[in-house]
1. Go through (1) out of contact with any Asp or Glu (no Cβ under 9 Å at 6 or more places or on another chain); (2) buried (at least 18 other Cβ atoms within 10 Å of the Cβ); (3) modelled with pLDDT under 95 one by one and return the number of the condition residue 42 breaks.
2. Give segment 62-101 a look and list any residue that's open to solvent by 50 Å² or more (accessible area, probe 1.4 Å) and farther than 13 Å from residue 24 by Cα, or say none.
3. Kindly provide the set of residues from segment 88-140 that are touching a helix residue (DSSP H, G or I) at 6+ places or on another chain (Cβ under 9 Å), modelled with pLDDT of 85 or more, of a type in the set (A, V, I, L, M, F, W, C) and under 23 Å from residue 3 (Cβ atoms), ordered by number.
4. Exactly one condition in (1) open to solvent by less than 50 Å² (accessible area, probe 1.4 Å); (2) in a strand (DSSP E or B); (3) out of contact with any helix residue (DSSP H, G or I) (no Cβ under 8 Å at 6 or more places or on another chain) is false for residue 59; which is it?
5. Being open to solvent by less than 40 Å² (accessible area, probe 1.4 Å) and part of a loop (DSSP other than H, G, I, E, B) narrows it down to one of 116, 136, so name that one.
6. Can you name every residue in segment 84-98 that is assigned to a loop (DSSP other than H, G, I, E, B) and out of contact with any Cys (no Cβ under 6 Å at 6 or more places or on another chain)?
7. Only one residue in 77, 30 is farther than 19 Å from residue 15 by Cα, touching a residue at least 24 places away in the same chain (Cβ under 8 Å) and either assigned to a helix (DSSP H, G or I) or touching a strand residue (DSSP E or B) at 6+ places or on another chain (Cβ under 9 Å) (or both). Which one?
8. Look through segment 10-35, keep the residues that are over 14 Å from the mean Cα position of the chain (by Cα) and open to solvent by 80 Å² or more (accessible area, probe 1.4 Å), and return whichever of them is nearest to residue 135 (Cα to Cα).
Amino acid sequence: MILFHGGTDIIEQPVIRSSQTSRDFGTGFYCTDIKTQAEKWAIRQGRIRKQNAILNMYDFDIENAKQELNCKIFTDYAIEWLELIINCRKDSDYNHDFDIVYGKIANDDVGETVQAVINGLMPSDFALQKLVFMPANNQYCFCTKKSLAFIKFIEAVKLE
């Protein structure tokens, strides 16, 4: 499977990076299998940083990863997905036991709905009912060093 990572750097050797800001699935190296999603993110980051937008591509050995690692795969919105995002966003030091997490991205309208749950303005069950009607992209978070052994750099392309 081909995965994409958009940004402003060529990343031949991905690393697990912590962040001051809380991320959906916690600390990790984030990718997607949606090329246009990664391209848009790279272009956005390039504009913000006034640098070149770079699309990195990786070959992901998903079958062996599923057999050898603790992978959590969310194919749809679910209460467990929402709870993980809430925990990770509320506490940037929150740790879970997964090597790789796959699921929907809580951005834009989805992120606002998640934030409403975090702020106590919306119950989780109502949020999930609302989220079903919202389009969302997806993400793979490589959360541990050993998970990075299952992705191999293919190439990086400068975007115009």
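1. (3)
2. We begin by selecting, within segment 62-101, every residue open to solvent by 50 Å² or more (accessible area, probe 1.4 Å); these are 63-64, 66-68, 70, 73, 75-76, 79-80, 83, 87, 89-91, 93-95, 97.
Listed by number, the residues that qualify are 63, 64, 66, 67, 68, 70, 73, 75, 76, 79, 97.
3. 98, 100, 101, listed by residue number.
4. Only one criterion is unmet by residue 59, namely (1).
5. Working: 116 fails: part of a loop (DSSP other than H, G, I, E, B).
Unique residue meeting the criteria: 136.
6. Answer for segment 84-98, where residues must be assigned to a loop (DSSP other than H, G, I, E, B) and out of contact with any Cys (no Cβ under 6 Å at 6 or more places or on another chain): 91, 92, 93, 95, 96, 97.
7. 77
8. Within segment 10-35, the match that is nearest to residue 135 (Cα to Cα) is 20.
The values are calculated or read from the model by the stated rules, or taken from the named source; none is laboratory data. Keep in mind the model is a prediction, meaning the values are calculated, not measured. For neighbour counting, all protein chains shown are included, and Cβ atoms are generated from backbone atoms with ideal geometry for every residue, glycine included. Surface areas here come from the heavy atoms of the whole protein model, side chains and all, with no ligands, DNA or RNA. Shrake-Rupley method; radii C 1.70, N 1.55, O 1.52, S 1.80 Å.
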